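Let me begin by presenting the structure, written as structure tokens, before commenting on it.
Since every read-out is calculated from the coordinates, none of them should be taken as a lab result. Since we're looking at a predicted model, the values are computed, not measured. All Cβ positions, even for glycine, are placed from backbone atoms using ideal geometry, and neighbour counts span all protein chains on display.
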Amino acid sequence: MADPPIAPDSEAAKFMLREYDRIVDAYHNLHDQKNELLKFYLAFTTLPFAIVAISSTFIGLAGVEKQTVLKSLQVASVFLSVLLEMVGISVLMTMLKIRWEQYLYVKTINAARSYFHEVYGIPDKYLVLPHKSGEITFGQNDVHGRVFWEGMIVGSTNSMLLALIAWSWTDHFAWHRECVWLAASVVLCLSLCVHAMVIRIQIKKALRSSGVQDVGSPR
């Protein structure tokens, strides 16, 4: 025999509502954390280049020998690029981990919605979002949608930094100018492909480990 319907004012329903509110708040907090992390990273990457540009301007005004200073700035830019590359990798992996946590929260939110759908008979037309714990819908496939392109913001910056390192390294050995630009271009393209592949693999891994699938992506 099926269990009798639970009264709307029951402690179980109140508990589920409180849990639902807390989980939704936690989900949105993760969104805020990811956005703040991305803004911090972008600000962090632009600041050193602004310092180098301003320093170059003052050096020109002061009449210091430009060739020596430019070489020093080139060496400094390589060290900054290596530092920013490590920071970028950490930021990218943190963003992907946050998305994995969001999948778990969405799964829990759906389970709470399913509880009220089954116990109180809320019609499907009022539940636009899924009410099955293993389903998510963001209107697009995360592997190719917003999550991927958010990751590629960091991935593209990392790729440009690697290209700068390759350019400086080949230029240091006084290779032909064509070889210098070719090496930087090859590193840039390969790095973009690697970042795109890693991001997609990590998103698929997060979906698989969370036990959810996107049912709202466009066909």
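Using the structure shown, select from Lys132/Lys205; Lys14/Lys107; Lys34/Lys204; Lys14/Lys205; Lys14/Lys132 the pairs with a Cα to Cα distance greater than 25 angstrom. Checking Cα-Cα distances, Lys14/Lys205 exceed 25 Å. Of the peptides 32-43, 94-105, 192-203, the ranking by mean beta-carbon count within 10 Å, highest at the top, reads 94-105, 192-203, 32-43. Residues whose amide H falls under 5 Å from that of Glu135, counting only those 5 or more places apart or on a different chain, are Gln213, with hydrogens built in the peptide plane.
Remark: the Glu135-Glu178 segment gains 10.3 nm on full extension, using 0.36 nm per residue and subtracting the alpha carbon distance.
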